[in-house]
Ligand SMILES: [Zn+2]
């Protein structure tokens, strides 16, 4: 309720409605484009982002800080959060995703002046003072409609910060925002944020600031004050980046995560588990920080599959496209390929839901890990431009797995032919541009994924035919410059950069030709010239044609690694 000076009388009339918890707009992510049923997921952050994010204000000193202190109970059902500004006041606290306010304990935000009850999508705090901490608690539901957001996994919990990390506004420009956890013994946090050395934070004042207000209505089981006892706990801060959150019984780890603004702006992944995070090496010296939630029947096989995906995707970019990424592996009851989603909020992450009974054989044929890691080579695009980011990942999922020797070139082409056919069958109602913008609502995943893959394929062939730089090399250059960007890109900008590398507007030409048409892109002529025809038993038939060399070059096996720095290691390195 923006703009409304709220009553600060304590009340508890806002009943928790976990059963009604619903993250709002349902959007589809990486639905399987080549089998399995499409899943609906929520991209809660896409709804009204400007209002939720609030505004920025000029900083007064450049020393402004915002410190979160996050505590979770041993059962992992409730997250207690202190939010402490320094050098400014919090005028309003916004829900981090639609309907997240329904999870607020007693429906209130606690301040030294009293409780602010029943917030809507946020609560104005007209009486707050500079440097004054707020407190709230979140009851985490068992599950959310978005399978990558919240889910109880045995004794562990998948819980995106989009559910529990409320957003103060306005925030000074260049604000340093940190998060420190106080976790039960044996519990580890999995979040995508970078870790810094401990940053001086205003937490020591918290007990005082909260305590001064307790007499005016703050009592009653709020669980406040979690930030008061941590100092001196002395957990090792680790050696710079990437060490995991340690443990302690209600004791701080003294590790500070530093939040980029994208932690508020874009959908994020997160979780709490009882196993230390693993570090897996990816090509080029990159690291995957892997949280395995719940009971994983075949953890070793799963790790090998993740490394396989990292290696295959790296064959496009020359190495893993980012220095580090968080992977949260969630065993579930499902059949068929895994379901994954690559996220950018707060840092790169991939959430993968996989069949808890899966076998090594099934995993070796599952494209999901390759597909999700391919997404990390391209910066964030708006959801309506799914044709581009899903098209690239879908096309190269087949190409890079062939290059890695996971599937044969004939299998890869047959997968492409099958996918193109699915896309063609689902074309006709809307233009590709319209369909891409409405993909989640209309569940037109096949059309959008595979039409996008067709455009990537046509561009790849056109560039190779022209004899100039390949789409591979253009994507490699683009990943070097932009994969880690914290800015969202437009499809137009991505195409312009790729075409600049290609030396000709190959991709833009294809996009302009097909984006505003209802028909699926025409491929017959290109396939005929390449000598690719549908075959039986999952393998395409190759003919002798003038452009067969282009066909073969696209899928050509990568040179065997000789122990160079790009060689992946399938061994888990060290527990995090
Ligand atoms: Zn995808």
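The values are calculated or read from the model by the stated rules, or taken from the named source; none is laboratory data. This is a predicted model, so every value here is computed, not measured. Note: ideal-geometry Cβ built from the backbone for every residue, glycine included; neighbour counts use all protein chains shown.
Condition first: more than 14 Å from the ligand (Cβ to nearest atom), at pLDDT 95 or above and more than 28 Å from residue 354 (Cβ to Cβ). Can you find one or more residues in segment 386-408 that meet it? No, segment 386-408 has no match at all. Pick from segment 485-532 the residues that are in contact with a strand residue (DSSP E or B) (Cβ under 9 Å, 6 or more places away or on another chain) and assigned to a loop (DSSP other than H, G, I, E, B): which of them is nearest to residue 348 (Cα to Cα)? The residue in question is 488.
The number of residues in segment 370-382 being assigned to a helix (DSSP H, G or I) and touching a helix residue (DSSP H, G or I) at 6+ places or on another chain (Cβ under 6 Å) comes to 5.
Taking the options 53, 76, 43, name whichever one is modelled with pLDDT of 95 or more and touching a strand residue (DSSP E or B) at 6+ places or on another chain (Cβ under 9 Å). So the residue among 53, 76, 43 that is modelled with pLDDT of 95 or more and touching a strand residue (DSSP E or B) at 6+ places or on another chain (Cβ under 9 Å) is 76. Considering segment 425-440, the residues that are out of contact with any strand residue (DSSP E or B) (no Cβ under 8 Å at 6 or more places or on another chain) and at pLDDT below 95 include one that is nearest to the ligand (Cβ to nearest atom), namely 426. Only one entry of 332, 258, 307, 296 meets the criterion of being more than 19 Å from the chain's Cα centre (by Cα) and surrounded by fewer than 24 Cβ atoms within 10 Å (Cβ to Cβ), and that entry is 296.
Show me the strands (runs of 3 or more DSSP E) entirely contained within segment 286-361 in which 1 or more residues are away from the ligand (no atom under 16 Å from the Cβ). Quick ask: steps written out before the conclusion?
Numbers: elements: 286-292, 324-332, 339-343, 349-355.
Those strands (runs of 3 or more DSSP E) span 286-292, 324-332, 349-355.
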